[in-house]
Amino acid sequence: MALPDLTPADVRALAAALGLAPTDDDLLEVTHRLNAMRDALAPLGALPLDEVEPAPPAPEPS
Amino acid sequence: MSAALAFASAAALAARIRSKELSPVALLEAYLARIDRLDGTLRAYITVCREAALAEARRAEQAVARGDRLGPLHGIPIAVKDQLDVAGVRTTAGSRLFADRVATTDAPVIQRLRAAGAVILGKLNLTEFALGGTQQFPYGQPRNPWNPDHDPGGSSSGSGIAAAAALAAATLGEDTGGSVRSPASNCGAVGHRPTWGLVPRTGCVPLCASMDAIGPLTRTVEDAALLLAAIAGPDATDPQMRRRAPDDVMAPLRDGVRGLRIGLVRELTHGPDTDPAARDAVVAAAEVLRTLGARVDEVSLPLVPYAGAAFMALADSEGAGMHLQWLRERGAEYDAGTRRRLLAAALLPAGAYHQATRARALIARQVQAAMTHLDLLVTPTQPGPAPQIASGQTPVRSKADAGGRFFTRRSYTTPFNLAAMPAISLPCGFTASGLPLGLQIAGRRYDDATVLRAAWAYEQATPWHDRRPPE
């Protein structure tokens, strides 16, 4: 299910929870970027993710 | 000194120094003169180590005169991305935040270059903190030597420029998601991302520990192999290193491609985002490899278009984690593009990071499964030629604008970062307007030798590496 886009107010609240205070100039662009990233990541949810462990490759392949 | 000399390969220059035909000091002075003449426009360098390099070149010359045993890079002026520590020189990482950060020791890769005889010529420009998307470069706007209105690629922007425009004999960059191969493709140079775990990363300002890899950008494939041979191998200071000695990449370089099985990746070559010029150049390159004796077949890897998004969720999240305190306390010192990218990544939920980690494992599994019946994969390095600089300097106006700028392009290089595999970019043609196009060749983990061998065979069979940017 597609999630609704975050608003600049949502993003400001999320940022504040992390101790971040984006300027007004930053806020709109950060909102666009975050919504774009959420959209780009959404299709990953349809992949068979449970087939693999959430781990990066080891330095020495087995 | 002639441009022909400056554009000669590092291997050829080293041979001339060994035979006393060429003075290391004269060679260095030739590159310094080119930097003085061209770098005001190209802005490849952040720091030119003029006096230190001249002192090193004089010592190199004395060693030749004494008949000392000489390393494979003896007297060769090499410049490195300003993400790598050189003792006594600042490492800015392309950021105002690190304007006064002076390294106290050489990174292991610098120690190894020096041990091979190289002269460290300077530190090269990059996108801020090797992230990509810098809008206003604090140390000057790097420009593509083929057309200064166009992007040289990044994050190792200066490394690509300096290699292509002969502002050094060879360079080093660092590749987390394509940062060696993208500038190689945009600038018409050779860029090799080694297998992750082959080259020590200590003394390199990190971005994403599970993908950062230091690699060469050069004018020829042989030079890339020469530099890789100098910097690869175990190092106790990097816990992610493979513990055994690396394979020899020089001896098999001229063995050709006869009998190799090569897959032309359909989703990246014929995908909806691939420019026809890039597609046609890579299809033609596949035909050259076929003519040279390789078996080339199209292969489908349907998960690779997801690589850009998975990569950005991982690398940007890790970057944001690393920068969080500075974002709170020194946010105004970042370039606006960097700051906004890191702020957005900082707000991604943990579930997205977890999902991207699993997607990475799936993509890596699919790519590595293909390598059970293939020796190499080929793709365009980038979806098209270098875009105009101006197109990346404007603020992001919508989420569609953000998606178009940041995710699509990264799916071409990042599948091999996610899978920890080696991959090279080398020139495979030019657009009608004279911009270079890159061919990407990827191989099995730790089989950098076969990647370089195929790239060398292709390079020798084609004329692209002989072209020089206008001056």
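The values are calculated or read from the model by the stated rules, or taken from the named source; none is laboratory data. Bear in mind the structure is a predicted one, so any value in this text is a computation, not a measurement. Don't worry about glycine lacking a Cβ; one is built from the backbone with ideal geometry, like all the others, and counts go over all protein chains shown.
Evaluating B:Asp235 against the criteria (1) charged (D, E, K, R); (2) buried (at least 24 other Cβ atoms within 10 Å of the Cβ); (3) out of contact with any strand residue (DSSP E or B) (no Cβ under 7 Å at 6 or more places or on another chain) leaves one unmet condition, (2).
Does B:Arg244 satisfy the criteria of being closer than 21 Å to B:Cys428 by Cβ and surrounded by fewer than 24 Cβ atoms within 10 Å (Cβ to Cβ)? Against the criterion (closer than 21 Å to B:Cys428 by Cβ and surrounded by fewer than 24 Cβ atoms within 10 Å (Cβ to Cβ)), B:Arg244 does not qualify.
Just so you know, in the stretch B:318-330 the residues that are without any contact (Cβ under 8 Å) to a residue 40 or more places away in the chain and buried (at least 18 other Cβ atoms within 10 Å of the Cβ) include one that is nearest to A:Arg33 (Cα to Cα), and it is B:Ala320. Just checking, does the stretch B:227-246 include any residue being acidic (Asp, Glu) and under 30 Å from B:Pro77 (Cβ atoms)? Yes, there is a match, as at least one residue in the stretch B:227-246 is acidic (Asp, Glu) and under 30 Å from B:Pro77 (Cβ atoms). Please work out if B:Arg290 is under 16 Å from B:Ile441 (Cα atoms), in contact (Cβ under 8 Å) with a residue 12 or more places away in the chain and more than 14 Å from every other protein chain (Cβ to nearest Cβ). So B:Arg290 does not fit the description; no. Of the residues making up the stretch B:36-57, those that are in contact with a helix residue (DSSP H, G or I) (Cβ under 9 Å, 6 or more places away or on another chain) and closer than 14 Å to B:Ile120 by Cβ are B:Tyr45, B:Ile46, B:Val48, B:Cys49, B:Arg50, B:Ala53, B:Leu54, B:Glu56, B:Ala57.
Considering B:Gly271, B:Gly351, the condition of being modelled with pLDDT under 95, more than 7 Å from chain A (Cβ to nearest Cβ), assigned to a helix (DSSP H, G or I) and at negative phi is satisfied by B:Gly351 alone. Restricting A:Pro8, A:Pro57 to residues that are more than 15 Å from B:Pro349 (Cα to Cα) and within 8 Å of chain B (Cβ to nearest Cβ) narrows the list to A:Pro57. In the stretch B:380-404, what residues are facing chain A (nearest Cβ under 9 Å) and either surrounded by 16 or more Cβ atoms within 10 Å (Cβ to Cβ) or among the charged types (D, E, K, R) (or both)? Selection gives B:Val396, B:Arg397, B:Lys399, B:Asp401, B:Ala402, B:Gly403.
Table: residues versus (1) at pLDDT 95 or above; (2) of a type in the set (Gly, Ala, Ser); (3) closer than 21 Å to B:Ala189 by Cα; (4) in a loop (DSSP other than H, G, I, E, B).
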{"residue": "B:Tyr31", "(1), (2), (3), (4)": "yes, no, yes, no"}
{"residue": "B:Arg34", "(1), (2), (3), (4)": "yes, no, yes, no"}
{"residue": "B:Asp39", "(1), (2), (3), (4)": "yes, no, yes, no"}
{"residue": "B:Ala53", "(1), (2), (3), (4)": "yes, yes, no, no"}
{"residue": "B:Glu56", "(1), (2), (3), (4)": "yes, no, no, no"}
{"residue": "B:Gln62", "(1), (2), (3), (4)": "yes, no, no, no"}
{"residue": "B:Asp106", "(1), (2), (3), (4)": "yes, no, no, yes"}
{"residue": "B:Gly122", "(1), (2), (3), (4)": "yes, yes, yes, no"}
{"residue": "B:Pro138", "(1), (2), (3), (4)": "yes, no, no, yes"}
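Residue count for the stretch A:27-43, restricted to those that are closer than 14 Å to B:Ala307 by Cα and either of a type in the set (Phe, Trp, Tyr) or more than 7 Å from chain B (Cβ to nearest Cβ) (or both): 1. In the stretch B:354-379, of all residues being touching a helix residue (DSSP H, G or I) at 6+ places or on another chain (Cβ under 8 Å), within 14 Å of chain A (Cβ to nearest Cβ) and aliphatic (A, V, I, L, M), the one that is nearest to B:Gly319 (Cα to Cα) corresponds to B:Ala356. Looking at B:Gly133, B:Gly75, B:Gly94, just one residue is buried (at least 24 other Cβ atoms within 10 Å of the Cβ) and within 18 Å of the chain's Cα centre (by Cα), and that residue is B:Gly94. Taking A:Asp50 as the residue in question, decide whether it is more than 7 Å from chain B (Cβ to nearest Cβ), free of Cβ contacts under 8 Å to residues at least 60 places away in the same chain, farther than 27 Å from B:Arg397 by Cβ and surrounded by fewer than 13 Cβ atoms within 10 Å (Cβ to Cβ). It is true that A:Asp50 is more than 7 Å from chain B (Cβ to nearest Cβ), free of Cβ contacts under 8 Å to residues at least 60 places away in the same chain, farther than 27 Å from B:Arg397 by Cβ and surrounded by fewer than 13 Cβ atoms within 10 Å (Cβ to Cβ). Annotation for the stretch B:159-180: no member residue is free of Cβ contacts under 8 Å to residues at least 40 places away in the same chain and more than 14 Å from chain A (Cβ to nearest Cβ). Do you know which of the residues in the stretch B:46-72 that are touching a Ser or Thr at 6+ places or on another chain (Cβ under 9 Å) and within 30 Å of B:Gly337 (Cα to Cα) is surrounded by the fewest Cβ atoms within 10 Å (Cβ to Cβ)? Within the stretch B:46-72, the match that is surrounded by the fewest Cβ atoms within 10 Å (Cβ to Cβ) is B:Thr47.
In contact (Cβ under 8 Å) with a residue 60 or more places away in the chain, under 30 Å from B:Asp149 (Cα atoms), within 13 Å of chain A (Cβ to nearest Cβ) and in a loop (DSSP other than H, G, I, E, B) - does that describe any residue in the stretch B:335-343? Among the residues of the stretch B:335-343, at least one is in contact (Cβ under 8 Å) with a residue 60 or more places away in the chain, under 30 Å from B:Asp149 (Cα atoms), within 13 Å of chain A (Cβ to nearest Cβ) and in a loop (DSSP other than H, G, I, E, B), which makes the answer yes. Under the condition of being assigned to a helix (DSSP H, G or I) and not aliphatic (A, V, I, L, M), which residue from the stretch A:17-26 is nearest to the other protein chains (Cβ to nearest Cβ)? The residue in question is A:Asp26.
Pick out the one residue from B:Val257, B:Val199 that is touching a Leu at 6+ places or on another chain (Cβ under 6 Å) and assigned to a loop (DSSP other than H, G, I, E, B). Testing whether each residue is touching a Leu at 6+ places or on another chain (Cβ under 6 Å) and assigned to a loop (DSSP other than H, G, I, E, B) leaves just B:Val257.
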